[in-house]
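Trainee: The structure under discussion is supplied below as structure tokens; questions concerning it will follow.
The values are calculated or read from the model by the stated rules, or taken from the named source; none is laboratory data. Quantities reported herein were computed from a predicted structural model and do not represent experimental measurements. Neighbour counts are summed over all protein chains in view; Cβ atoms, including those assigned to glycine, are modelled from backbone coordinates with ideal geometry. Protein only, heavy atoms only, side chains kept; ligands, DNA and RNA dropped before computing areas. Shrake-Rupley method; radii C 1.70, N 1.55, O 1.52, S 1.80 Å.
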Amino acid sequence: MAVTKLFGARVKRKEDPRLITGKGRYTANLNFPGTLYVHFVRSRVAHARIRSVDVSRALKVDGVVAVLTGEDLMDGLGMIPTAWQIPGSDLRTTPYRPVAVDKVRYVGDPYAVVVARSPYAAADAAELVRADLEPLPAVVDPEKAVQPGAPQLYDEVPNNTAFVWRASGGDVDEAFARAEVVVKQRMVNTRLQPTAMETRAAVATYDRFSDRFTLYVTSQNPHVHRLLLSLITGIPEHKLRVISADVGGGFGSKIHVYGPEAVVLHLARKFEVPIKWVETREENFLSTIHGRDHVQYVEAAALRSGKVLGLKVRSYANMGAYLSTAAPGIPTILFGPMLSGPYEIGAVSVEVIGALTNTAPVDAYRGAGRPEATYVLERVMDLVAREIGKDPADVRALNFVPKEKFPYQAKPIGITYDSGDYITAFRKALELAEYRKWREEQEKARRKGRLIGIGISSYVEICGMGPSAAVRATGFGLGLWDSAVVRVHPSGKVTVYTGGHPHGQGEETTFAQIVADKLGVPIEDVEVVHGDTDAIPFGMGTYGSRTTPVAGGAIALACNRVLEKARKIAAHMLEVREEDLVFERGRFYVREAPEKQKTIQEVAYAAYGAGANELPPGLEPGLEATVFYDPPNFTFPFGTHVAVVEVDPETGAVKVLRYVAVDDCGNQINPMIVEGQIHGGIAQGLAQALYEWAVYDENGNLLTSTLNDYLVPTACEVPDIVTDHTVTPSPHNPLGVKGIGEAGTIAATPALVNAVLDALSHLGVKHIDMPLWPERVLRAIKGAKSG
């Protein structure tokens, strides 16, 4: 870490020594004296009316303290709220109880909870709880769910339609009237199980003397958890402390508030002892939120030149059995506005139907709406190219928004892209991938019976969530600003308290780099504190690639304020005017007499010493600053990924020969961490394209409820990845950064699907729905050959 400038340096992650030596502080590892353990009794049928629940046999198990049903918990626990109430969509929020009372609505829906002195006794007793359930018809397909006559999940939600959201921009009818080519395609964006390495967990304690609760929980946003749990349990916010220390992966699935977290708080109040719950992997697959699951119908209007004039999209979004915390906004606000992507498309209309089904709730999963939009658009670009007989690269190049048109208002709703240079990143990706060479290789290979394909995915994503005025207008429950306190101690050491909550993204390092670079202190002298609502200012947490642009922006602005005060103190100590001082590498010196200087450490000591020769009159002691930063706009990272694959014509197996990613996230604080985020995102995008699929049978049974059935790729399946970047800073962000955590997931899936379909294009194969399992690919090959 011997570098002269920390911003932009490849600094090793500060958090890694703790995490890789077993010193991580995970919720499941917490053990308090006298702890009681809970186990939830979950439905094994997808839809049924609860007639009665018999807990008598379970109560006889040695070590069992209590068995409570949903009815027993009704008085102490309210409904789980839906925090994104999208306007103008006839949204019908569903009654969502922490433990089911009248009906169970998916396999895994809890209807009772066992409290015992050991987790084993609780699990054994749960097997003995017997429920008299009246089976009801189930529906799992979002298209079928909204049809008349489908099984109804709620009397108050006709046709299982939770909402219908529409948006339109430009003259869509005129675009299709002008079209020389119209392509149409039905696409399925498959349901996924987030599969974080760490399952969810919660430990609640109650102090009767202070009447205060502490909840240790696997959360991506501790303050949001505190607020929503306060609403559910009735515990006042100032009496509830939420601590989320180290989190073993989230990918969006730990944003949301779940029933078990409220239940353990309620039980801690009831029994006045610590209460602990740790989710099993089967529970994780059954009841932690799932992601994606759209059935999409797209029509694209284009000219023979390849210019795309307009798009029409209708999407059936499977919401599962209940509307989770942010669920309505994911397939609408984060999907529809991004349907024109990096392209200058003059007319776009979109309709999204939110369908309730007898499946696990669906909510934000890495990318959250943006991957679904990019997949539609990038498949369209290839379909148009195929229809007019042009190279897919040429069609994309023709449609990109030119650099000189930024800031650019994109259809359908006129969201303003901050900055972009799409063609430069695109050309760099093609060059690194040796695109033209692979096209020549493809022709040679086909003559020998080999199937090689090249796929492109160009994307732009909306992230850096706020700004608050915009997100509140979409019905989001709070603004999406963020907060920071930067405190310089008398010795010159620095503590940063951030409202963001890093959990694997590396921001304990990048935040320390921001501060060390701004204040000119060693990075080892900077500590980053997060995840404890009693220690940090109220913040909105980590998701939506917002932490570095928004929480990092707050930290940068707080550092600026610290330096403003430090400059006043230094000028007083050196007996010069403030404007005569230069600050550089941690020291203030007089411009005309550089030997006259004070280090930031000397200034910090003076700030706390507060003597007459140390502080100017009227300046308060101490050296710290608090900032709440509400960004004026979102940020819009972009890039192009290129995948080269070979398909085995005998088995349908897909082998990735080359993968190139060129991304632009503005200024990079730590390129090594940026690359790590891209690698991880690509692995998850590859997983959806080729391997993962959460599958329900027609009765609502999850067929992929174990890791034996749900195929998560390993290091063996992830190819070597060539990464590069361009730099187009965000003009409104204090650091010029844009966010990178989801880019790989957004771009990778269509790049790989396009590559496989490109390999089969000369056979007449137009589309295969994900995942592109060998049997699906082979079926398409055989179907094409047989005509």
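Trainee: Quick check on my filter: what residues within the range 97-140 are crowded, with 22+ Cβ neighbours inside 10 Å and more than 21 Å from Val278 (Cα to Cα)?
Mentor: Across the range 97-140, the qualifying residues are Val104, Arg105, Ala138, Val139, Val140.
Trainee: Further question: Please specify each residue of the range 479-519 satisfying the condition of being more than 30 Å from Ile678 (Cβ to Cβ), in contact (Cβ under 8 Å) with a residue 40 or more places away in the chain and either surrounded by fewer than 22 Cβ atoms within 10 Å (Cβ to Cβ) or touching a His at 6+ places or on another chain (Cβ under 8 Å) (or both).
Mentor: Within the range 479-519, Val485, Arg487, His489, Pro490, Ser491, Gly492 meet the criteria.
Trainee: Test of understanding: among Asp62, Asp72, which residue is in a loop (DSSP other than H, G, I, E, B), over 30 Å from Leu334 (Cα atoms) and among the acidic types (Asp, Glu)?
Mentor: Residue meeting the stated conditions: Asp62.
Trainee: Taking the condition open to solvent by 10 Å² or more (accessible area, probe 1.4 Å) and not small (Gly, Ala, Ser), does Arg191 pass?
Mentor: no
Trainee: Search the range 225-242 for residues that are in contact (Cβ under 8 Å) with a residue 12 or more places away in the chain and pair each with any residue that is assigned to a strand (DSSP E or B) when their beta-carbon atoms are under 6 Å apart and the residues are at least 6 apart or on different chains.
Mentor: Note: pairs meeting the criteria are His225/Val242; Arg226/Leu240; Arg226/Val242; Ile235/Phe213; Lys239/Arg212; Leu240/Phe213; Arg241/Thr214; Val242/Leu215.
Trainee: Let me ask something additional. How about the range 283-312: which of its residues are touching a helix residue (DSSP H, G or I) at 6+ places or on another chain (Cβ under 6 Å) and among the hydrophobic types (A, V, I, L, M, F, W, C)?
Mentor: Val295, Val298, Ala300, Ala301, Ala302, Val308, Leu309
Trainee: Looking at Gly764 and the list (1) surrounded by fewer than 20 Cβ atoms within 10 Å (Cβ to Cβ); (2) touching a residue at least 12 places away in the same chain (Cβ under 8 Å); (3) on the phi < 0 side of the Ramachandran plot, which single condition is not satisfied?
Mentor: The number of the failed condition is (3).
Trainee: Now for a different question. Please go through the range 616-650 and pick out each residue that is surrounded by 22 or more Cβ atoms within 10 Å (Cβ to Cβ) and in a loop (DSSP other than H, G, I, E, B).
Mentor: Answer for the range 616-650, where residues must be surrounded by 22 or more Cβ atoms within 10 Å (Cβ to Cβ) and in a loop (DSSP other than H, G, I, E, B): Leu623, Pro631, Phe634, Phe636, Pro637.
Trainee: What is the one condition in (1) outside the structural domain of Ile781 (by TED's automatic domain parsing); (2) modelled with pLDDT of 95 or more; (3) in a loop (DSSP other than H, G, I, E, B) that Asn613 does not satisfy?
Mentor: Here Asn613 clears every test but (2).
Trainee: Do we have Ile275 as over 26 Å from the mean Cα position of the chain (by Cα), open to solvent by less than 10 Å² (accessible area, probe 1.4 Å) and over 17 Å from Ala360 (Cβ atoms) here?
Mentor: Yes.
Trainee: To continue, here is another question. Report every pair of residues separated by at least 6 positions or lying on different chains whose Cβ atoms are under 7 Å apart, first residue within the range 398-418 and closer than 17 Å to Gly310 by Cβ, second open to solvent by 60 Å² or more (accessible area, probe 1.4 Å) and at pLDDT 95 or above.
Mentor: Short answer, once both residue conditions are applied: Pro412/Ser168.
Trainee: Moving on. May I ask you to say which residue of Val61, Val53, Val104, Val67 is touching a Pro at 6+ places or on another chain (Cβ under 9 Å) and assigned by TED's automatic domain parsing to the domain that holds His39?
Mentor: Val104
Trainee: Here's something else I'd like to know. Assess whether His256 counts as being part of a helix (DSSP H, G or I) and not hydrophobic (A, V, I, L, M, F, W, C).
Mentor: Considered against the rule, which asks whether it is part of a helix (DSSP H, G or I) and not hydrophobic (A, V, I, L, M, F, W, C), His256 comes out as no.
Trainee: Next up: In this structure, is Asp246 surrounded by fewer than 23 Cβ atoms within 10 Å (Cβ to Cβ) and touching a strand residue (DSSP E or B) at 6+ places or on another chain (Cβ under 6 Å)?
Mentor: Spelling it out, Asp246 is indeed surrounded by fewer than 23 Cβ atoms within 10 Å (Cβ to Cβ) and touching a strand residue (DSSP E or B) at 6+ places or on another chain (Cβ under 6 Å).
Trainee: Next question. Would you tally the residues in the range 314-335 being outside any loop (DSSP other than H, G, I, E, B) and open to solvent by 10 Å² or more (accessible area, probe 1.4 Å)?
Mentor: Number of matching residues: 2.
Trainee: Also, I was wondering about something else. Inspect the range 568-590 for any residue being assigned to a helix (DSSP H, G or I), among the β-branched types (Val, Ile, Thr) and in contact with a strand residue (DSSP E or B) (Cβ under 7 Å, 6 or more places away or on another chain) and give the result as yes or no.
Mentor: no
Trainee: For the range 444-458, state whether one or more residues are part of a helix (DSSP H, G or I), hydroxyl-bearing (Ser, Thr, Tyr) and either at negative phi or under 21 Å from the mean Cα position of the chain (by Cα) (or both).
Mentor: no
Trainee: A follow-up question, please. Take the residues in the range 459-495 that are of a type in the set (D, E, K, R) and assigned to a strand (DSSP E or B); name whichever of them is nearest to Ile514 (Cα to Cα).
Mentor: Selected residue: Arg487.
Trainee: Among residues belonging to the range 651-699 that are of a type in the set (Phe, Trp, Tyr) and farther than 25 Å from Arg439 by Cβ, point out the one that is surrounded by the most Cβ atoms within 10 Å (Cβ to Cβ).
Mentor: The extreme case among them is Tyr696.
Trainee: While we're on this one: Do we have any residue at all in the range 202-212 that's crowded, with 23+ Cβ neighbours inside 10 Å and part of a helix (DSSP H, G or I)?
Mentor: Looking for residues that are crowded, with 23+ Cβ neighbours inside 10 Å and part of a helix (DSSP H, G or I), one finds none in the range 202-212, hence no.
One line per residue, one yes/no per condition, for (1) touching a Ser or Thr at 6+ places or on another chain (Cβ under 9 Å); (2) of a type in the set (Lys, Arg); (3) at pLDDT 95 or above; (4) open to solvent by 20 Å² or more (accessible area, probe 1.4 Å):
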{"residue": "Gly34", "(1), (2), (3), (4)": "no, no, yes, yes"}
{"residue": "Tyr37", "(1), (2), (3), (4)": "yes, no, yes, yes"}
{"residue": "Ser43", "(1), (2), (3), (4)": "no, no, yes, no"}
{"residue": "Val53", "(1), (2), (3), (4)": "yes, no, yes, yes"}
{"residue": "Val61", "(1), (2), (3), (4)": "no, no, yes, yes"}
{"residue": "Val64", "(1), (2), (3), (4)": "no, no, yes, yes"}
{"residue": "Gly70", "(1), (2), (3), (4)": "no, no, yes, no"}
{"residue": "Ser89", "(1), (2), (3), (4)": "yes, no, yes, no"}
